[in-house]
Structures are given as structure tokens and as C-alpha cells.
Amino acid sequence: MIKGIDIAAYLVRDPKAQIAFYRDVLGMKPTEIDDQGRGAEFTLADGSTFGVWKPEGEETGGAVMFAVDDAKAAVEHYRARGLQLSDVVESPVCYMAFAADPEGNGIIIHQRKA
């Protein structure tokens, strides 16, 4: 079901400071900035995407968005295999479901909208 990685990201407490760091220190230009100040994405020259996002809770660390064609079907598939996943949530650009690996690293099942 997983066909690639849509984004590698850090979950952060202060997205504004993190965006400034990656932009001003590392020279990465944000390609998408959340209009509510929750984070940004940086599409790199090789086509990969890196992001910094403030989660709903206080957790921080790394997360990977695994690309799938059908988020709802993927959630059913992985739940049947024992993964505890959130229900699918819709954003203006995608569908996502959230989970963690055994050490607490973020896993996001991610379907981009056409």
C-alpha cells in the first residue's frame, strides 16, 4: 500500500522559529506556509519535501508521511495488521491518519488530493 514518502518532518514547539532557522540559516525556501502559523514545507531540488509542524499535543520529534493512493483503505489495511491509527482527517490539500512506531516516532498515512 505504501508507495513512497510524501514528506519527512519534525514536530516542533515553535514553528515560526523553526521556519526562520531553515530559511535563514540553511537557505531553504518555504514552498508552503500554513496560514494559521502551524508550520511550513520546503520542497527541495530533488523533489523531496521536508516540513516543520506544530502538532496538536506537546510531542516533538521526527515523523514520516507515507504516500498512499487511498487513505481510508490504507487505514483499514494497517489496522487489520495491528497498527493503531487515527481516523482519516481531511485538510484542504490531503487526507491523513496518524500513528506511531513502537518507539513513538510519528507515522502519517498520507493521500494527496488531485
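A compact table of results
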| item | result |
| --- | --- |
| Whole-Hz couplings from phi, Karplus 6.51/-1.76/1.60, listed for region 20-34; x for Gly and Pro | 4, 4, 5, 6, 7, 8, 8, x, 8, 8, x, 9, 9, 10, 5 |
| Residue 79-residue 28 pseudo-label distance in nm [points 7 Å out on the Cα-to-Cβ vector] | 3.3 |
| Qualifying trypsin sites (Lys or Arg not before Pro) in region 17-114, DSSP loop, other Cβ atoms within 10 Å at most 10 | 81, 113 |
| Interchain or long-range residues, amide H under 5 Å from residue 5's placed H | 67 |
| Residues 11, 44, 83 arranged by fewest to most Cβ contacts within 10 Å | 44, 83, 11 |
| Positive-end residue of 25, 61, 107, charge dipole of the chain with Cβ unit charges | 25 |
| J(HN,Hα) series, region 68-85, from Karplus relation 6.51 cos²θ - 1.76 cosθ + 1.60, nearest Hz, glycine and proline x | 9, 7, 9, 4, 5, 5, 5, 4, 4, 4, 6, 5, 5, 8, x, 7, 8, 10 |
| Separation in nanometres of the label points that stand 7 Å from Cα toward Cβ, at residue 50 and residue 93 | 1.7 |
| Pairwise label distance in nanometres, residue 20 with residue 59, each label 7 Å out on the Cα-Cβ vector | 2.8 |
| Net dipole in debye of the chain [+1 Lys, Arg Cβ; -1 Asp, Glu Cβ; about Cα centre; nearest 20] | 140 |
| Part-to-part distance (alpha-carbon centres) for region 48-100 and region 1-46, which is given in Å | 16 |
| Residues with amide H under 5 Å from that of residue 28, placed H, sequence gap 5 or more | 23 |
| Whole-number percent relative contact order across region 10-114, with pairs defined as alpha carbons under 8 Å at least 6 apart | 23 |
| By average C-beta atoms within 10 angstrom, highest first, the peptides 24-32, 98-106 | 98-106, 24-32 |
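Bear in mind that the values in this text are calculations on the coordinates, not laboratory data. The structure displayed is predicted, hence computed values, not measured ones. When we count neighbours, we look across all protein chains shown, and the Cβ atoms used for this are built from the backbone with ideal geometry, even at glycine.
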